[in-house]
1. Restricting segment 329-366 to residues that are modelled with pLDDT under 85 and outside any helix (DSSP H, G or I), which is nearest to residue 133 (Cα to Cα)?
2. Listed residues 226, 168; which is closer than 21 Å to residue 487 by Cβ and either part of a helix (DSSP H, G or I) or touching a residue at least 12 places away in the same chain (Cβ under 8 Å) (or both)?
3. Of 64, 83, 53, which residue is under 18 Å from residue 110 (Cβ atoms), assigned by TED's automatic domain parsing to the domain that holds residue 112, crowded, with 17+ Cβ neighbours inside 10 Å and aromatic (Phe, Trp, Tyr)?
4. With the condition kept exactly as written, say whether any residue in segment 60-76 is in contact (Cβ under 8 Å) with a residue 12 or more places away in the chain and acidic (Asp, Glu).
5. Just one of 325, 257, 297 is in a helix (DSSP H, G or I) and at pLDDT below 75; which is it?
6. Select, from 147, 110, the only residue that is modelled with pLDDT of 90 or more, within 27 Å of residue 41 (Cα to Cα) and in a helix (DSSP H, G or I).
7. Could you please find all residues in segment 600-610 being part of a helix (DSSP H, G or I) and either surrounded by fewer than 19 Cβ atoms within 10 Å (Cβ to Cβ) or not assigned by TED's automatic domain parsing to the domain that holds residue 566 (or both)?
8. Please give the number of the condition residue 227 fails out of (1) buried (at least 22 other Cβ atoms within 10 Å of the Cβ); (2) at pLDDT below 80; (3) β-branched (Val, Ile, Thr).
Amino acid sequence: MKRLFTFLVIISYLPVLAQKTGHPRIDSLLTELQRPHDDTLKAKMLATISRDYMIFAPDSGLMYGAQALELARKYKQKKTMAYIYSALGLNHRYRGEYEEALAYYDSGLKLNIELGNKGGISSAYDNIAVVKIDQSDYPTALSYSFKSLAISRELKENLSGNYINISIIYTDMGKCEQAIDYLQKAKKIAEDAHDSSTIRNAKSNIARNYLIMGKYQLALETEQEIIKSAGSKVNRHSMLADYSYLATAYYYLNDLSSASKYFLTGLEIAEQMKNKKSVAENLGNLGEIYLGMAVDSVRKRDKSNFPLPDKRTALRKSVMYSQRSADLHQELHNLRDLAANYNTLSAAWELLGDKQKALDAYKLFHRYNDSVFSKANKSKIATLEKQQELDSIKQQVKIDRLKIVQQNLEVAKKRNERSFLFIGMGLLVAVIISIAWQRRKSERLLLNILPHSIAERLKRKEHPIADQFSAASIIFIDMAGFTKLSEERDPKETVNILNDVFTRFDTLAEQYGLEKIKTIGDCYMAVGGLPVPREDHAIMAAKMALAIKEMMNNYTAPDGTTIKFRVGLDCGPVVAGVIGKKKFIYDLWGNAVNTASRMESTGLAGEIHCTDNFKEELEKEHAAQFRFTARASMEIKGKGTMQTWFINAA
């Protein structure tokens, strides 16, 4: 289900409009704007309109923000300019334009630092943290959130808001217990201050974490308690979140009719508010619900009091809702949710028997998915492209200089033909050597990002690259003690530890012939058996896992904190390749990838957790080298009940 929380700070400059929100406030401001006002007040009104438009129409928000910025610059209203930069950043973020959003947030941060506005500095840190969450850069997001928290402690204000913001990062990282700890802190502060709105927000986020942890009944009861205690006082924004979590809980409790009812109610509220983003989210959720109604295994578990529609009707509704959601997310430039829409559409068209539409939707899913994730490698590729561009300019300058030298040679040929000839040849050799060195430098950077064989194919202009592998082994490694390590710690120290750990993993991957794919936060992913297929992919992955377990058994941070590691393994067919027009990344997809990730997340610290499928692959020829310990059958999210194993050396 969709992520529904963002950090939104709505500031009202006009007291007469302070009780209005959404379109009513925008309409009131636009009406007020037509009356005579001095330009300084007009700039503030335009800035507020810009911020309010971010959810409904970010294009309009950018237009009004540009007008506000022009007036604020004219009269050197630095405080207003800082606020406008924040509004423009929010609008760009809602369009999925993260780099532009960060640029405006940074400009606002610098102005607030210049003004000594600590509250504005704290808000800027929070805004930057949100974009880093969107980019899946959780260590950086935590760093900025902790900076904001430090200021709030100094000012003795907004601590509960900071705790909730930090909890959201931990939730997105899958560290729900740590998230709940911060939410309980926020709830305690709000209860002491009799702040019912923040209490409700904290409880709602706790329910969200219960959903992610699989405690669906507890999530349902928490949301029912929130709705029951709120009565008619709650605003429609909070109702949207509550109905979404309530619907999600019913979905996972196999009551599809109740789930669809609450998502439809949320859709109705969002449409009344003209909130395109929430409309798109509820439409997408309905698409997923109706897809579930068409899957036999889901239909059999359904506990609804009402009969489900026939499978074909459910699939057509899934397509209708998902396509409407995709159209809105396309308009809003919300690439992450747009990818999810096309993933649902691909599955629905497949079940409807339209293979071509299923394939088209699947391609769009990967296009948008790849444009959001793996930002670290994309940044490296961008650096490479920039370096290549600079190299090209330098080379052209040198060639132009050589032409000038050659012209001078012709003019002075009779006076000192031999001397100038040697000079020209020397310059030519120097240019050739320089070009070759710069090219080798660029190629080395490319090979640090992509496998050698893939880099060679890209240099031959083979694109897109997509290869099917019948057998590969995937390994995920996660730092179980990372949360304790990173809390309120110097970000440089945290990054240094991550660098040390991942460098060790890189060495082991090279030793055992595995290909590193990417790192996500504190998680490391590698694969055996590609891009060059090999029959011993499973044993090499298992040996790397055992080597990691031995190497990292007593690993401690500089302050003595012990860090344990969870390792997950699976094997099977995968698709790997490079997709996109620029800023390439080599990645892979398939059921085995998802299952290996599940093995890591459901494993135990200090243990190597694998599927029954991976165990059988090892036992074909290498059973004597390993000892397997069975775990009790468990419910794996998205996979059903599975028999899994712990691996140790024999």
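1. Ranking the qualifying residues of segment 329-366, first place goes to 334.
2. Among 226, 168, only 168 is closer than 21 Å to residue 487 by Cβ and either part of a helix (DSSP H, G or I) or touching a residue at least 12 places away in the same chain (Cβ under 8 Å) (or both).
3. None of the others qualify; the one that does is 83.
4. No, segment 60-76 contains no residue that is in contact (Cβ under 8 Å) with a residue 12 or more places away in the chain and acidic (Asp, Glu).
5. 297
6. From the options 147, 110, the qualifying one is 110.
7. The answer is 601, and nothing else.
8. Here residue 227 clears every test but (1).
The values are calculated or read from the model by the stated rules, or taken from the named source; none is laboratory data. Everything numeric in this text was worked out from a predicted model, so none of it was measured. Backbone-built Cβ (ideal geometry, glycine too); neighbour counts: all protein chains shown.
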